[in-house]
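Engineer: Take this structure, written in C-alpha cells, and hold onto it; I'll ask about it next.
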Amino acid sequence: MDSRLAVYEEKMEKSYDSLIEEYATIRAGRANPHILDKITVDYYGAPTPLQQVANVNVPEPRMIQIQPWEPSLVKEIEKAILVSDIGLNPTNDGKVIRLVFPELTEERRKELAKDIKKKGENAKVAVRNIRRDANDACKKLNKANEVSEDELKNLEDETQKLTDKYIAKIDEAVETKSKEILTV
C-alpha cells in the first residue's frame with residue numbers, strides 16, 4: 001500500500017465505522033443497550049451519558065433494565081428516554097426503569113431493512129467520493145511531474161482495490177444487519 005493513499009484508506013475506514021455505529025442504534029426487536037448510547041441525562045446541571053449515571057443490563061431478550069446509581073435520577077432518566085427518538089415507553093418501580101421491546105411487525109421489519117440498505121448505499125457513495133478525491137490527488141501529482149504515468153496507474157489501481165475492499169465490507173454489514181432484522 002502506497003503511503004500517499006493511507007489518508008484515503010483512513011477516511012474509508014471512518015465511513016465504514018460510522019455505518020456500523022448507525023446500525024448499532026437500530027433496534028431489531030431484541031433488546032440492544034446501544035440504542036441508549038446517544039441519550040444524555042441532566043446530572044447536576046450537566047448533560048451526562050446515561051451509561052455514566054446508571055447500570056444498564058439486559059435481563060431478558062426483549063427488555064433493558066436501567067438502575068440509576070442515585071434514586072433521584074429515575075425521573076430524569078425516564079424524561080430523557082421519553083424525549084429521545086428511540087420510540088419506547090419506560091416503566092419504573094421507583095428504583096429501576098424497564099424498557100420492553102415490542103415484537104416487530106413484518107411491515108416494520110421490511111421498513112427497517114430498506115432503511116438499512118439506504119444507509120449502506122450512503123456509505124458506499126461516501127467511499128466512492130473518497131476514491132474520486134484520491135484519484136484527483138494522484139492526477140495532480142502526475143501533472144506536477146511528481147509521479148510518472150506508470151506510478152499514476154499503480155496508485156489508481158491501489159485506490160480501486162481499497163474501494164472494492166470497503167464496498168465489500170459495507171455489503172457484508174448490510175447483509176448481516178438485514179438478516180438480523182428480518183429474522184423473526
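Engineer: For the stretch 157-184, what are the residues that are within 14 Å of residue 128 (Cβ to Cβ) and either in contact with a Cys (Cβ under 8 Å, 6 or more places away or on another chain) or not basic (Lys, Arg) (or both)?
Structural biologist: 159, 160, 162, 163, 164, 166, 167, 168, 170, 171 - these are the residues of the stretch 157-184 that are within 14 Å of residue 128 (Cβ to Cβ) and either in contact with a Cys (Cβ under 8 Å, 6 or more places away or on another chain) or not basic (Lys, Arg) (or both).
Engineer: Which one of these does residue 49 not meet: (1) surrounded by fewer than 16 Cβ atoms within 10 Å (Cβ to Cβ); (2) over 21 Å from the mean Cα position of the chain (by Cα)?
Structural biologist: For residue 49, the failing item is (2).
Engineer: Of all the residues that make up the stretch 67-107, how many are out of contact with any strand residue (DSSP E or B) (no Cβ under 9 Å at 6 or more places or on another chain), open to solvent by less than 50 Å² (accessible area, probe 1.4 Å) and over 19 Å from residue 34 (Cα atoms)?
Structural biologist: So the count comes out to 1.
Engineer: Taking the conditions exactly as written (buried (at least 16 other Cβ atoms within 10 Å of the Cβ) and out of contact with any Phe, Trp or Tyr (no Cβ under 9 Å at 6 or more places or on another chain)), does residue 64 satisfy them or not?
Structural biologist: Values: buried (at least 16 other Cβ atoms within 10 Å of the Cβ): yes; out of contact with any Phe, Trp or Tyr (no Cβ under 9 Å at 6 or more places or on another chain): no.
When the stated conditions are applied, residue 64 does not pass them.
Engineer: Out of 142, 135, which single residue is within 30 Å of residue 4 (Cα to Cα), crowded, with 16+ Cβ neighbours inside 10 Å, of a type in the set (S, T, N, Q) and touching a residue at least 24 places away in the same chain (Cβ under 8 Å)?
Structural biologist: After applying the criteria, what remains is 135.
The values are calculated or read from the model by the stated rules, or taken from the named source; none is laboratory data. A quick note: this is a predicted structure, and the numbers were derived from the prediction, not measured. Quick reminder, even Gly has a Cβ in these numbers, built from the backbone with ideal geometry, and neighbours come from all protein chains shown. Note: accessible area is taken over every heavy atom of the protein model, side chains too, but ligands, DNA and RNA are not part of it. Shrake-Rupley method; radii C 1.70, N 1.55, O 1.52, S 1.80 Å.
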